[in-house]
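What follows is a set of notes on a single structure, which appears directly below.
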Amino acid sequence: MTTQSESIAITRTERLQQRVRATCAGARVLYSRVAASQPPYAVLAPGGRGEVMDARRGGQQHVGRYLRIAAISVALAALAACSGDGGGTVNVTLQEFSIATDPATADAGEVVFEATNDGPNDVHEFVVFRTDLGPTELPTDENGAVVETGEGIELIGEIEDIPVGETQSVTLDMEAGNYVLICNIWDEDEQEAHYQEGMRTTFTVS
Ligand SMILES: [Cu+2]
């Protein structure tokens, strides 16, 4: 279905993805600057010196070297947060009328949903809400379709209109919590909301 809330949702998803990309790009830049810097100390204190005198000991200490190691550690930790153990790939199967995920849980982080429409006849979509409501408790309109801007649910992302036999993916930055995944197609001809027909399931991020 084509609604205003969907275009808002797409913008929101893109913003989230941009933010993740920007953070990870920043971590990569930081790491490359730290790793390549000469003198290394300059990374932490632009204009500073690579070697500083330790007046108390009266000797010359290569403090910059230790700062460099610390800076590399920070940069590596930031990189690990971007590409590390979190998230993962989840296969989603959409059909008349069910939605199944394998696995049904993920670690917090970047989660890639690969959604396949197994039909046999209908176009389906894939919509992710963060909510503590049960899968059958989402707010609906008079047709029985979920009101995506409704109370108690937060739209995290979606893939619209997946043709039968096709697989499409979306990458979402997901925090720990409870989610409900649905297809929110309202079929005017059949007068049926796919959500009401059973295309809804829970998903947990920990
Ligand atoms: Cu559907």
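Where a number appears in this text, it was derived from the coordinates with a stated rule and is not lab data. Note that the structure is predicted; figures quoted are calculated from it, not measured. As a convention, Cβ positions derive from the backbone with ideal geometry for all residues, glycine included, and neighbour counts pool all protein chains shown.
A few remarks follow.
- The shape of region 86-205 comes out oblate: with a ≥ b ≥ c from the C-alpha gyration tensor, a/c is at least 1.5 while a/b does not beat b/c.
- Global form of region 117-168, assessed from the alpha-carbon gyration tensor, a/c cut-off 1.5: prolate
- Signed unit charges on C-beta, dipole axis of region 86-205, positive-most listed residue PHE126, ALA100, MET174: MET174
- Between ASP107 and THR140, the modelled label-to-label distance comes to 3.8 nm, taking each label 7 Å out from Cα in the direction of the beta carbon.
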